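The values are calculated or read from the model by the stated rules, or taken from the named source; none is laboratory data. Given the structure is predicted, the values throughout are model-derived calculations rather than measurements. Reconstructed Cβ throughout: ideal geometry from the backbone, glycine too, with neighbour counts over all protein chains shown.
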Amino acid sequence: MIQVPFEDNPHLPVLPIRPRDAHKGHFGTVLIVGGSLGMTGAAGLAGMAALRGGAGLVRVAVPEPVLPIVAGYEPSYTTIPLPADSAGRISYQALKKIRVEAELADWVALGPGLGRSWGLSRLVSQLYRDLPNPLVVDADGLNALVTLAPDIPPANGPRILTPHPGEFRRLVGPGADPRAPLADRWQLAQHYAAVWDAVVVYKGHPTLVTDGKRRYFNPTGNPGMATGGSGDVLTGLIAALGAQGLDSFSAAQLGVYLHGLAGDLGAKDLGEESLIASDLLRYLPLAFQKYRETSSKTNG
C-alpha cells in the first residue's frame, strides 16, 4: 500500500450502519447495462461487484443472445434481455427499454463489455444526456462518449466517468498524453471534471478522484490489479455504494479505496502475478470489514 498525502478531502465517507429491521429496498437497486458476445464476463463481474458492494437488488441488462451465459454466473442478480444487433451487441433499438428499466433503479452503470458500434455510440450518448439517475460510465461506455468529446454536454443527473489514461486521452485529445508528468494529467482531469460537471476517476498509481473542486488520491491498490475485468468490478462497486445513499463523489472515493484494498488483501495471499478480477470479489467482504473497523476507531 503506497503512502500518498490526501488533498482537500482526507477522510473516507462513512457508509451508514444497517438498521436491524432493514429489507432490500433500503439498500437501493442497481441496473448494469453492458455485455456482448465474447464479453459476457464484464457484465457479470459488474453485477457481482454491485451485490458484494451492498446493493439490495441488482439487475443486469444484456443482449438477449448472451443472457443465459450472464444469468449463469450468479443467481443473486436478475437479468433483463435487450434487443441485439447481428454481432451480439446491444442494439440502438434497446434505448426505450433501458429507459423504462432505469426508472426502477436508483443507480445505473453503463459500459462493461458493451462493445463498439455506431448504434451503441448513439445509445450511450442519449442515455448519458437524458437519464435522471446517477450514472457510472466505464470501458466501452467511455469510448462511445468520444463522439461527444471533449465538450461533453451537461447531463440530466450525476455522472461518474472512470477512464484509464488511454480512455481519457480519447475523450479529451492529444493534450492528455499518458506520457506527460502525472501532476499535469491530474490537473487536466480536474479541469475536465469541472467542465463536464462530473466526477472523474482517473485510474492509475495512484488513482485520482475529482469533481473539479475536490481531489482524493487513493492509497490502496497494486500492480496485480492491472488485469482484465478489474475495472468492471470497480464500476459495479461504485454504483452499489451510491445506491446505498452516498453522493457521487463519496461513492467514487470509497469505491476506489475498497477496490484497491481488496486487491491488496488478495495480492498478499495470492501474489500480484496471480491476482485476477474475480479475486477482488472474494476479498471485498474482508475489505469492508477492515474499512468498518477503521471507521469505528476514527469516529469512536
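Restricting the first member to the stretch 156-184 and to residues that are without any contact (Cβ under 8 Å) to a residue 12 or more places away in the chain, and the second to residues that are surrounded by 14 or more Cβ atoms within 10 Å (Cβ to Cβ), the beta-carbon pairs closer than 6 Å and six or more apart or on different chains are Arg169/Ala176. Out of Pro206, Pro219, Pro150, one residue alone is in contact with a Leu (Cβ under 7 Å, 6 or more places away or on another chain) and either part of a loop (DSSP other than H, G, I, E, B) or among the aliphatic types (A, V, I, L, M) (or both). It is Pro150.
Collect the residues in the stretch 100-127 that are polar (S, T, N, Q) and farther than 15 Å from Leu82 by Cβ, keeping them in residue-number order. Of everything in the stretch 100-127, those that are polar (S, T, N, Q) and farther than 15 Å from Leu82 by Cβ turn out to be Ser121, Ser125. Taking each residue of the stretch 39-57 that is at pLDDT below 95 and of a type in the set (A, V, I, L, M) and looking for partners that are assigned to a loop (DSSP other than H, G, I, E, B) and surrounded by 24 or more Cβ atoms within 10 Å (Cβ to Cβ) with beta-carbon atoms closer than 6 Å, six or more apart or interchain, yields nothing.
Given the condition among the hydrophobic types (A, V, I, L, M, F, W, C), in contact with a helix residue (DSSP H, G or I) (Cβ under 8 Å, 6 or more places away or on another chain) and assigned to a strand (DSSP E or B), answer yes or no: does some residue in the stretch 120-129 qualify? No. In summary, Gln289 fulfils each of the numbered conditions (1) part of a helix (DSSP H, G or I); (2) in contact (Cβ under 8 Å) with a residue 24 or more places away in the chain; (3) not hydroxyl-bearing (Ser, Thr, Tyr) with the single exception of condition (2). Of all residues in the stretch 139-146, at least one satisfies being more than 29 Å from Leu57 (Cβ to Cβ) and either touching a Leu at 6+ places or on another chain (Cβ under 8 Å) or in contact (Cβ under 8 Å) with a residue 40 or more places away in the chain (or both).
Residue-level analysis places Pro75 outside the set of residues that are in a loop (DSSP other than H, G, I, E, B) and surrounded by 16 or more Cβ atoms within 10 Å (Cβ to Cβ). Do we have Ala94 as in contact with a Ser or Thr (Cβ under 7 Å, 6 or more places away or on another chain), buried (at least 21 other Cβ atoms within 10 Å of the Cβ) and among the aliphatic types (A, V, I, L, M) here? It is false that Ala94 is in contact with a Ser or Thr (Cβ under 7 Å, 6 or more places away or on another chain), buried (at least 21 other Cβ atoms within 10 Å of the Cβ) and among the aliphatic types (A, V, I, L, M). Residues in the stretch 114-137: is at least one hydroxyl-bearing (Ser, Thr, Tyr), touching a strand residue (DSSP E or B) at 6+ places or on another chain (Cβ under 8 Å), touching a residue at least 40 places away in the same chain (Cβ under 8 Å) and within 25 Å of Val233 (Cβ to Cβ)? So far as the stretch 114-137 goes, no, none of its residues is hydroxyl-bearing (Ser, Thr, Tyr), touching a strand residue (DSSP E or B) at 6+ places or on another chain (Cβ under 8 Å), touching a residue at least 40 places away in the same chain (Cβ under 8 Å) and within 25 Å of Val233 (Cβ to Cβ). The residue list Thr227, Thr220 contains one member that is modelled with pLDDT of 95 or more, hydroxyl-bearing (Ser, Thr, Tyr) and buried (at least 20 other Cβ atoms within 10 Å of the Cβ), which is Thr220. Every listed requirement among (1) over 13 Å from Val136 (Cβ atoms); (2) in a helix (DSSP H, G or I); (3) of a type outside the set (Phe, Trp, Tyr); (4) within 16 Å of the chain's Cα centre (by Cα) is met by Ala50 save one, (1). All conditions in (1) touching a Ser or Thr at 6+ places or on another chain (Cβ under 6 Å); (2) closer than 21 Å to Pro158 by Cα; (3) among the polar types (S, T, N, Q) hold for Thr210, with the sole exception of (1).
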